Amino acid sequence: MIQRKSAREIELMKEAGKLVASIHRKLATLIEPGITTLELDAYVEKTLTQFEAKPAQKGYQGYKFATCASINDEICHGFPRKSPLKEGDVVTMDFVVDFNGGLADSAWTYTVGEVTEEIKQLNSVTEAALYKGIDVAVAGNRVGDIGAAIQAYVEPFGYGIVRDFAGHGIGPTIHEEPNIPHFGLPGKGKRLKEGMVITIEPMINVGGWQSKMDDNGWTARTRDGSLSSQYEHTLVITNGKPIITTDQTQEGLFDL
């Protein structure tokens with residue numbers, strides 16, 4: 001069942017989005033060769049505690065961490081670990097925050113030190129693809145319009161668009177209907193309506209789109225070992241331009 005949010009619920013989700021965005025901006029200053037994703041995970045959880053917020057994915061279906069930290073060929077749901085990040089790595093930090101009952105979800109792919117031009121282009125294309133999807137996420141359009149816009153932009157680069165994972169509705173729990181694939185046909189799928197809150201989170205691979213699951217039952221990685229990138233925002237559907245609750249350039253972010 002797709003739930004449209006009340007004005008009060010949306011305001012709570014906006015505040016949660018500001019906290020998520022603030023933490024992402026701080027992570028960008030912390031990520032460098034030698035730091036571990038377990039240290040980054042601890043920073044996120046400590047910061048949330050200071051704001052009396054909760055890491056919403058911790059405990060969700062048994063997940064043990066405040067964040068997902070996916071490195072290089074890991075597509076999503078990577079476990080934070082003790083091994084240090086290395087020069088040339090890419091790492092996607094993904095987390096969901098519950099702040100006074102409002103939820104927000106955002107993933108961002110960070111580079112570690114100097115990286116190759118291949119990685120720079122992959123991240124640039126993936127981030128741009130996110131905004132291509134956001135541009136058509138307006139009331140009256142359909143879910144397929146989002147996927148089609150992303151697919152039309154990404155595929156000319158020869159990249160694979162992950163098909164096994166999708167964006168989703170959010171609130172009151174982490175994953176709600178509808179699913180938001182990052183490929184598809186325009187004019188198809190469920191209609192977007194004012195007051196819906198969804199995530200768009202394209203996962204793009206240098207190689208093929210196929211994924212495989214690690215033995216831990218959570219971490220998905222590219223089947224061909226190619227690099228993967230992901231960018232995600234939470235947004236409120238309106239009759240005009242959607243409201244990106246996790247926008248890192250918005251006013252009113254927290255000073256961390």
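Out of the strands (runs of 3 or more DSSP E) lying entirely within region 93-200, which hold 3 or more residues that are crowded, with 22+ Cβ neighbours inside 10 Å?
Passing ranges, in order: 102-111, 197-200.
For region 4-58, which positions are in contact with a helix residue (DSSP H, G or I) (Cβ under 9 Å, 6 or more places away or on another chain) and open to solvent by 70 Å² or more (accessible area, probe 1.4 Å)?
E39, K54, K58
Can you tell me how many residues within region 205-256 are more than 26 Å from G171 (Cβ to Cβ) and of a type in the set (A, V, I, L, M)?
The number of residues fulfilling the criteria is 3.
Of the residues that sit in region 201-223 and are of a type in the set (G, A, S) and not in a loop (DSSP other than H, G, I, E, B), which one is surrounded by the most Cβ atoms within 10 Å (Cβ to Cβ)?
Narrowing region 201-223 to residues of a type in the set (G, A, S): 207-208, 211, 217, 220.
Within this subset, residues satisfying the condition of being not in a loop (DSSP other than H, G, I, E, B) are 211, 220.
On the way: S211: 23, A220: 21.
Only one residue tops the list, namely S211.
Just to be sure, is G78 of a type in the set (G, A, S), crowded, with 20+ Cβ neighbours inside 10 Å, touching a residue at least 40 places away in the same chain (Cβ under 8 Å) and in a loop (DSSP other than H, G, I, E, B)?
Yes.
Restricted to region 80-119, and to residues that are aromatic (F, W, Y) and over 22 Å from V206 (Cα atoms), which residue is nearest to the chain's Cα centre (by Cα)?
F95
Within region 232-256, how many residues turn out to be under 16 Å from M93 (Cβ atoms) and either touching a Pro at 6+ places or on another chain (Cβ under 7 Å) or open to solvent by 20 Å² or more (accessible area, probe 1.4 Å) (or both)?
2
The values are calculated or read from the model by the stated rules, or taken from the named source; none is laboratory data. None of these values were measured; they are calculated from a predicted model. Glycine also receives a Cβ, built like all others from the backbone with ideal geometry; neighbour counts cover every protein chain displayed. Please note that ligands, DNA and RNA were not included when accessible areas were found on the heavy atoms of the full protein model with its side chains. Shrake-Rupley method; radii C 1.70, N 1.55, O 1.52, S 1.80 Å.
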